[in-house]
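Everything on this sheet refers to the single structure shown next.
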Amino acid sequence: MLSEKPIIKDIRVLTEQFIPRRIIHRNGQLQEIRDNLKPLVDGEIPRHSFLNGPPGTGKTCMALYIVDELKAEVPISSAYINCWSQPSRFKILYSILQSFGHNFLHRKGTPTDELIDMLKLKMRNKRAVIILDEADQLEDDKVLYDLLEMEGICLVLIANTETIFYQSDPRIRSRLHSINRIRFRPYSTLEISDILKDRIEFGLVPDSITREQIEKIGEESGGDARAALAILKSAAMDAENSGAEKILDSHIDKAVPKSKSIDMDKIIEGLNTQQKILYGIVKSSGEISASDLYEKFKKISIEKGEEEIVDRTARKYVERLEFLGLISSKGDGRWTVYKVVG
DNA sequence: AGTCCACTGGAACTTGAGGAAT
DNA sequence: ATTCCTCAAGTTCCAGTGGACT
C-alpha cells in the first residue's frame with residue numbers, strides 16, 4: 001500500500017445504495033410517505049404510495065430510509081424489489097418471499113399461484129412494506145393485483161414515468177385509484193451540492209475537495225443525485241489511486257462521462273451470456289440489420305463455444321434488450337436496424 | 001398486380017427442475 | 001426410489017407484413 005494520505009474515509013457513504021442518516025431537501029415528500037405508512041403503526045389500513053420522478057431524485061433512497069425508520073418503531077417485514085432485474089410476476093413474488101425469510105430449496109418449477117398462497121400464509125397477522133422499484137419495467141402488472149389484494153401489505157411503487165398504470169387492467173387501476181402519487185422533481189444545483197456535502201462529511205477526509213468542485217459536480221449532474229454521487233466517488237477513487245493529496249479538477253473531468261454509463265453496466269450484468277453477446281455485437285457495429293446481427297451472433301456463439309440457440313430465442317433476447325432500453329430499433333420488416341441507446 | 005422475401009411475433013409445444021404422491 | 005405433476009424458459013411452426021422486384 002502507498003503511504004500517501006487517503007482521501008476516502010468510507011467508500012460506502014458515496015454509493016447510491018447507502019441510506020443516509022437524514023434526508024435533505026425532500027421534507028414534503030418525506031412527510032407524505034410517513035403519513036401514508038403511519039396507519040401501519042396503529043394497526044390500521046395504510047395507503048399505498050407511488051413515487052414518481054426522473055432518475056436520481058431521491059425516490060429509492062427515501063423509500064428505503066422510511067422503511068428503516070418504521071422498522072425501528074414497529075416489527076414489520078419489508079422487501080425491496082428492483083423490477084429491472086426481476087420483471088416477471090413469478091420472480092417478484094419469489095424475491096418477496098425470500099426477503100420475508102422463506103427458505104426455498106431452489107425450485108424453478110414452483111407454480112406462481114403457490115407462491116401467492118405461501119405469501120398469504122406468511123402475511124397472516126403480519127404487516128409489511130413492499131417497495132417495487134422501477135415499477136415501469138414490470139412485465140406483468142397482475143402482480144400488482146396480487147399484492148393489492150393481500151391484507152397487511154403496503155406498497156411503495158417507484159417509477160420514472162407517470163403513465164405506467166394507464167394501460168393496466170381496469171381492476172388494478174381501480175385499486176390503484178386511491179394510491180398517493182408523490183412527485184419528485186430534479187434537484188437544483190444547490191440542493192445537489194448540499195447532498196454531496198452531507199455525504200462528503202462522512203465519506204471523505206476533510207478538505208479533500210473544494211466548494212467550487214462540489215458545485216461543479218452539481219452542475220454536471222443535471223439534477224441527478226445518483227449521477228452526482230457517481231462522479232464524486234469516481235473522482236475520489238481516481239485521486240486516491242494516483243497518489244494525489246486532494247481531488248483535482250482533472251479527476252472530476254475524467255469522472256463525468258464515466259458516471260453516465262454506470263446504470264447501463266448494471267443492467268448488462270444481469271443479462272445472460274448470449275444476451276451479452278448480442279448487445280456486444282450491436283454496440284460494436286453502430287447500426288446493424290437484423291440478418292447481420294443474427295448471422296454474427298451465430299458465428300460468435302460458435303467461436304465462444306456457447307450453447308447454440310434457435311433464432312426465435314435470439315429474437316426474444318433482442319426483444320428483451322430493447323425492452324430494457326439497451327438497444328433501439330428503427331424501421332420495420334426487413335429494414336429493421338438495431339443500435340445501442342445513447 | 002402479382003410474387004418474392006427478410007423479418008416479426010403469436011401460439012402451441014418441448015424440456016428440465018424439482019416438489020408431491022406413491 | 002420411482003412416477004407424476006406443474007411451471008418457466010426455450011423451441012418449433014407459421015401466418016402476417018410491406019417494400020422491392022418483375
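Quick notes on this one:
- What the phi angles of segment A:186-194 give under the Karplus curve with 6.51, -1.76 and 1.60, with θ = phi - 60°, is a coupling list of x, 6, 7, 4, 5, 5, 4, 4, 4 Hz, glycine and proline written as x.
- Normalised by the number of residues in chain A, the average gap of Cα pairs under 8 Å and 6 or more apart makes the relative contact order 20 percent.
- Between A:LEU155, A:TYR145, A:SER77, the Cα set farthest toward the positive side of the dipole of chain A (charges on each charged residue's Cβ, about the Cα centre) is that of A:TYR145.
- Residues A:TYR145, A:TYR279, sorted so that the one with the fewest Cβ neighbours within 10 Å comes first: A:TYR145, A:TYR279
- Mean residue ellipticity at 222 nm, helices only, chain A: -15500 deg cm²/dmol; runs of at least 4 DSSP H residues each add -39,500 (n - 2.57), and the sum is divided by the number of residues.
- Placing R0 at 45 angstrom, the Cβ-Cβ distance between A:LYS38 and A:GLU295 gives a FRET efficiency of 0.15 after rounding to 0.05.
- Taken about its Cα centre, chain A carries a charge dipole of roughly 580 debye when the Cβ of each Lys and Arg holds +1 and the Cβ of each Asp and Glu holds -1.
- Here the Karplus curve 6.51 cos²θ - 1.76 cosθ + 1.60, taken at θ = phi - 60°, turns the phi angles of segment A:32-39 into couplings of 5, 5, 4, 4, 5, 8, 3, x Hz, with x standing for Gly and Pro.
- Ranked by how many other beta carbons lie within 10 Å on average, peptides A:299-305, A:333-339, A:323-329 from highest: A:323-329, A:333-339, A:299-305
- Cβ-derived FRET efficiency at R0 45 Å, A:LYS339 paired with A:GLU215, nearest 0.05: 0.80
- A:LEU157, A:LEU14, A:LEU64 arranged by Cβ crowding within 10 Å, fewest neighbours leading: A:LEU64, A:LEU14, A:LEU157
- All-pairs alpha carbon distance profile, segment A:6-113, 10 Å steps from 0, percent: 11, 34, 34, 17, 3, 0
- Long-range HN-HN contacts of A:ASN180 with modeled amide H, under 5 Å: A:HIS48, A:SER49, A:PHE50
- Selection from A:PHE18, A:PHE323, A:MET264, by position along the positive dipole direction of chain A (Cβ): A:PHE323
- Largest GNM mean-square fluctuation among A:LEU196, A:LEU119, A:LEU293, using chain A with Cα springs under 10 Å: A:LEU293.
- Residues A:ASP332, A:ASP194, ranked from the fewest to the most other C-beta atoms within 10 Å, line up as A:ASP332, A:ASP194.
- Volume per residue of the convex hull around the Cα atoms, evaluated for chain A, comes out as 182 Å³.
- Under a 5 Å amide H cut-off, with hydrogens placed 1.01 Å from N, A:GLY56 pairs with A:ARG226 among residues at least 5 apart or on other chains.
- Whole-Hz ³J(HN,Hα) from phi, Karplus 6.51 cos²θ - 1.76 cosθ + 1.60, for segment A:307-320, glycine and proline x: 4, 6, 10, 5, 4, 4, 5, 4, 5, 5, 5, 4, 3, 5
- Sequence-distant residues sharing a close amide H with A:ARG127 (under 5 Å, placed H): A:SER77
- Principal semi-axes of the equivalent ellipsoid, √(5λ) from the alpha carbon gyration tensor of segment A:244-342, are 31, 16, 11 Å from largest down.
- GNM top mover of A:GLU319, A:GLU306, A:GLU287 - chain A, alpha-carbon springs below 10 Å: A:GLU306
Read-outs throughout are calculated quantities, based only on the coordinates presented, and are distinct from any laboratory measurement. Computed from a prediction, not measured in an experiment: that's the story for all the values here. With ideal geometry, Cβ positions are generated from the backbone for all residues, glycine too; neighbour counts draw on all protein chains shown.
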